[in-house]
1. Kindly indicate whether any position in segment 21-43 is touching a Phe, Trp or Tyr at 6+ places or on another chain (Cβ under 7 Å) and part of a strand (DSSP E or B).
2. So, in segment 83-104, of the ones that are among the aliphatic types (A, V, I, L, M) and under 20 Å from residue 62 (Cβ atoms), which residue ends up modelled with the lowest pLDDT?
3. For the subset of segment 105-123 comprising residues that are aliphatic (A, V, I, L, M) and modelled with pLDDT of 95 or more, which member is most open to solvent (accessible area, probe 1.4 Å)?
4. Can you list residue pairs whose Cβ atoms sit under 8 Å apart, with the first residue in segment 20-45 being closer than 15 Å to residue 79 by Cα and the second being open to solvent by less than 20 Å² (accessible area, probe 1.4 Å) and among the aromatic types (Phe, Trp, Tyr)? Count only pairs 6 or more apart in sequence or on different chains.
5. How many residues are at pLDDT below 95, over 10 Å from the mean Cα position of the chain (by Cα) and open to solvent by 40 Å² or more (accessible area, probe 1.4 Å) when one looks only at segment 43-60?
6. Pick from segment 137-160 the residues that are of a type in the set (Ser, Thr, Tyr) and closer than 17 Å to residue 176 by Cα: which of them is surrounded by the most Cβ atoms within 10 Å (Cβ to Cβ)?
7. For residue 76, are the conditions met, namely being within 20 Å of residue 215 (Cα to Cα), over 21 Å from the mean Cα position of the chain (by Cα), open to solvent by less than 20 Å² (accessible area, probe 1.4 Å) and in contact (Cβ under 8 Å) with a residue 24 or more places away in the chain?
8. Would you mind finding the one in 200, 171 that is open to solvent by less than 40 Å² (accessible area, probe 1.4 Å) and out of contact with any Lys or Arg (no Cβ under 8 Å at 6 or more places or on another chain)?
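The values are calculated or read from the model by the stated rules, or taken from the named source; none is laboratory data. Keep in mind that what you see is a predicted model, and the values were worked out from it rather than measured. Virtual Cβ from ideal backbone geometry, glycine too; neighbours counted across all protein chains shown. Side chains are part of the model used for accessible areas, which takes the heavy atoms of the whole protein and leaves out ligands, DNA and RNA. Shrake-Rupley method; radii C 1.70, N 1.55, O 1.52, S 1.80 Å.
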Amino acid sequence: MLVLRCAYIGLKYHGFQVQPEVPTVQGEIAKVLERLGYEKNLKYVSRTDAGVSAVDQIISVRIVDEDILETLNRELPSDIRIHAYTKREFSDLGILYKEYWYIAPKFLLDKNLLLDAIKHVNGMKHNYIQLVKKPSQLTVEDALMVVYVSAKIENGFMIFQVRGKKFLWEQVRRLVNLLVAVGLGRVSIRTFKKILSGEQYPSGIPPAPPEGLVLW
């Protein structure tokens with residue numbers, strides 16, 4: 001068994017997970033594996049949405065031949081690359097958390113408001129039911145989790161780093177959008193806290209564009 005570190009630019013893909021009749025990152029890898037005579041099924045750490053990219057998607061394939069990696073990179077599209085590997089079982093990796101980076105324009109927001117909101121998020125269990133796509137399909141238990149966020153400005157961009165054991169559909173992008181709204185004064189800290197307690201926000205919190213999100 002080989003465990004691979006895979007990077008990709010997700011702009012032209014309908015997410016990572018294979019779907020019928022649309023291009024996906026997993027689908028491209030599976031096609032190459034099948035063409036080379038290997039089992040096309042693979043395991044992976046995180047599903048990413050359409051347009052989302054990755055620096056370190058972790059996948060495993062039932063291959064023991066290390067030389068296959070050079071062939072994989074030669075056969076894969078240029079926006080998908082395998083950049084490291086190890087010989088071990090996927091279940092032995094002991095992955096402790098997932099981390100996403102969201103890269104956004106440098107908004108003219110109130111830094112203190114943003115930091116207050118981030119401080120409220122970090123290390124505390126909150127109900128993220130209002131910050132996911134299709135919340136009606138989830139239970140409160142599904143949406144309760146601890147998330148850590150940091151933010152910095154670099155090269156004229158805002159970079160949000162979001163870490164947690166798991167994330168739900170569009171959760172990171174909706175959380176980033178909500179934090180920016182607080183920093184811009186469009187959502188009060190009081191309302192922000194209510195949303196993270198599971199209270200419904202009348203107009204909903206839309207997700208930030210997928211192109212800014214990277215699985216780190």
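1. yes
2. 93
3. Once the filter is applied, the top-ranked residue is 115.
4. Pairs that qualify, where the first residue is closer than 15 Å to residue 79 by Cα and the partner is open to solvent by less than 20 Å² (accessible area, probe 1.4 Å) and among the aromatic types (Phe, Trp, Tyr), are 23/13; 24/13; 24/16; 25/8; 25/13; 25/16; 26/16; 28/13.
5. Result for segment 43-60: 2.
6. 148
7. For residue 76, the condition - within 20 Å of residue 215 (Cα to Cα), over 21 Å from the mean Cα position of the chain (by Cα), open to solvent by less than 20 Å² (accessible area, probe 1.4 Å) and in contact (Cβ under 8 Å) with a residue 24 or more places away in the chain - is met.
8. Criteria check complete, one pass: 171.
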